[in-house]
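**Student:** Can you keep this structure in mind? I'll have questions shortly.
The values are calculated or read from the model by the stated rules, or taken from the named source; none is laboratory data. Remember, predicted model here, so these are calculated numbers, not experimental data. Methodologically, a virtual Cβ is constructed for each residue, glycine included, from the backbone with ideal geometry; neighbour enumeration extends over all protein chains shown. Each accessible area value is taken on the protein alone, full model and side chains, heavy atoms only, with ligands, DNA and RNA left out. Shrake-Rupley method; radii C 1.70, N 1.55, O 1.52, S 1.80 Å.
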Amino acid sequence: MNYHVGVISGDGIGPEIIAEAKKVLDRIGAVYGHTFECEEILMGGCSIDAVGVPLTEAAIAQAKASDAVLMGSIGGNTATSPWYRLEPQLRPEAGLLKLRKSLNLFANLRPAYLYEELKEACPLREDIIGDGFDMMIMRELTGGLYFGARKTEEIDGVVTAEDTLTYNENEIRRIAKRGFDIAMKRRRKVTSVDKANVLDSSRLWRKIVEEVAKEYPEVSCEHMLVDNCAMQLVKDPKQFDVILTENMFGDILSDEASMVTGSIGMLSSASLNDTKFGLYEPSGGSAPDIAGKGIANPIATILSAAMMLRYSFDLDKEADAIEAAVKQALQDNYRTIDIMPQEEEKKSLVTQVGTKEMGDLIVERIQKP
């Protein structure tokens, strides 16, 4: 099969980690008889430098013409980059928000899985980690506070900022259905996270989730306030299967979940619409402080490519092969700097490698079953 993949290399470490994911896709193509035709799409700070805006209509058209989009990272140092002296709508992240909205990417999937080989990198106590954890955070991506009306104005001599949090029942219902569908393929438990003790939007969220839950009698459903969920993620992460939540809560909780896995450089993500189309990206940022040093962890991007094969192309065996190759590289004791053990005696048991080397090691371990 031939697949047309839009590629947003972006800023910072983006081009480096995307290069490794493309090598992995080439290997999958060679082993399984597919062709992945990659077309570069300009977005982020690099687009600002080139054409003055973070995302053009032409770039959106390119993305829509692709079978799926694989992204590295966008943005830079918010304290020093000239991109962040621009108006908010012209900054790199505005391009990503616009792309999500233009492609109707309402469902964000962020798996948080603790590899046995990386337990030493987890900041939690061993008795909390236990046998590890495996959760999926399902975040609504095109509504809520990030997309509501906003303004800053002076009122009676006082500068006042206002952001509006809005959800309607249809937006909630479609993300809830996607969350329960994912749970059906996993351990059949949904934890819906809200702030229903304070927010009207959360009370509506809870009401609609309860309605959707009736359509999935095989799936258990519980409600949890967002502050309690943040606590439970570090107290007992293995209790979670699918965490279903709104945009801002999901943004915060997914980053917290990433760190209890040991490194944000290990976490993939997918953003899906109503069809098979999706945008796939690592959960981490552009890390401008290490860009060009060849030390960034490419595993999250490579695992994002695996998610692309699974969710957009229905290539489950190929996705399994990538995930198995990643696991094997870790079992063979190769580590990038972010997942190196902290204790000196344990450091001697593993080999530290760079971005390119880790990509090569994973490519070497992709085999057809």
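**Student:** When you scan the stretch 84-196 for strands (runs of 3 or more DSSP E) that lie fully inside it, which ones turn up with 3 or more residues that are crowded, with 17+ Cβ neighbours inside 10 Å?
**Tutor:** Once the strands (runs of 3 or more DSSP E) in the stretch 84-196 are filtered for at least 3 residues that are crowded, with 17+ Cβ neighbours inside 10 Å, what remains is 107-113, 134-140, 189-194.
**Student:** Further question on the same structure: Output the residues belonging to the stretch 234-259 that are surrounded by fewer than 23 Cβ atoms within 10 Å (Cβ to Cβ) and either at positive phi or over 15 Å from the mean Cα position of the chain (by Cα) (or both).
**Tutor:** Hits for the stretch 234-259 are V234, K235, D236, K238, Q239, D241.
**Student:** Just to be sure before I move on: is I28 in contact with a Gly (Cβ under 9 Å, 6 or more places away or on another chain) and aliphatic (A, V, I, L, M) in the structure I sent?
**Tutor:** no
Here is a yes/no grid of residues against (1) open to solvent by less than 10 Å² (accessible area, probe 1.4 Å); (2) assigned to a loop (DSSP other than H, G, I, E, B); (3) modelled with pLDDT of 95 or more; (4) touching a Ser or Thr at 6+ places or on another chain (Cβ under 6 Å):
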residue	(1), (2), (3), (4)
Y3	no, no, yes, no
F36	no, no, yes, no
L42	no, yes, yes, no
C46	no, no, yes, no
A58	no, no, yes, no
A63	yes, no, yes, no
N77	no, yes, no, no
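**Student:** Could you tell me whether A300 is within 15 Å of L118 (Cα to Cα) and open to solvent by less than 20 Å² (accessible area, probe 1.4 Å)?
**Tutor:** yes
**Student:** Next question, about the same structure. Among the candidates A291, A287, A270, A306, which residue alone is part of a loop (DSSP other than H, G, I, E, B) and buried (at least 21 other Cβ atoms within 10 Å of the Cβ)?
**Tutor:** A287
**Student:** OK, next. E344 fails exactly one of the following numbered conditions: (1) in contact with a helix residue (DSSP H, G or I) (Cβ under 9 Å, 6 or more places away or on another chain); (2) open to solvent by 20 Å² or more (accessible area, probe 1.4 Å); (3) over 25 Å from L272 (Cα atoms). What is the number of that condition?
**Tutor:** The one condition E344 does not meet is (1).
**Student:** Confirm whether S192 is without any contact (Cβ under 8 Å) to a residue 40 or more places away in the chain and polar (S, T, N, Q).
**Tutor:** no
**Student:** Then there is this: Please name all residue pairs, on different chains or six or more residues apart, with Cβ atoms under 8 Å, provided the first residue is in the stretch 226-241 and is acidic (D, E) and the second residue is surrounded by fewer than 19 Cβ atoms within 10 Å (Cβ to Cβ) and part of a helix (DSSP H, G or I).
**Tutor:** Hits for this filter: D236/I128.
**Student:** Follow-up question, since we're still on this one. For the structure I just gave you, tell me whether L315 is more than 19 Å from S9 (Cβ to Cβ) and crowded, with 18+ Cβ neighbours inside 10 Å.
**Tutor:** Judged against the criteria, L315 is a match.
**Student:** A further question follows. Could you grab me the full set of residues in the stretch 197-231 that are in a helix (DSSP H, G or I), aliphatic (A, V, I, L, M) and under 24 Å from the mean Cα position of the chain (by Cα)?
**Tutor:** V209, V226, A230, M231
**Student:** Counting only residues that are polar (S, T, N, Q) and open to solvent by less than 10 Å² (accessible area, probe 1.4 Å), how many does the stretch 201-216 have?
**Tutor:** Total meeting the criteria: 1.
**Student:** Right, something else. Could you please give the count of residues in the stretch 273-284 that are outside any strand (DSSP E or B) and over 10 Å from the mean Cα position of the chain (by Cα)?
**Tutor:** Within the stretch 273-284, residues that are outside any strand (DSSP E or B) and over 10 Å from the mean Cα position of the chain (by Cα) number 5.
**Student:** Looking at the stretch 309-351, which of the residues that are among the charged types (D, E, K, R) and in a loop (DSSP other than H, G, I, E, B) is nearest to A121 (Cα to Cα)?
**Tutor:** Among them, the one singled out is E343.
**Student:** When you look at L70, is it surrounded by 21 or more Cβ atoms within 10 Å (Cβ to Cβ), in contact with a Phe, Trp or Tyr (Cβ under 7 Å, 6 or more places away or on another chain), in a strand (DSSP E or B) and among the aliphatic types (A, V, I, L, M), yes or no?
**Tutor:** yes
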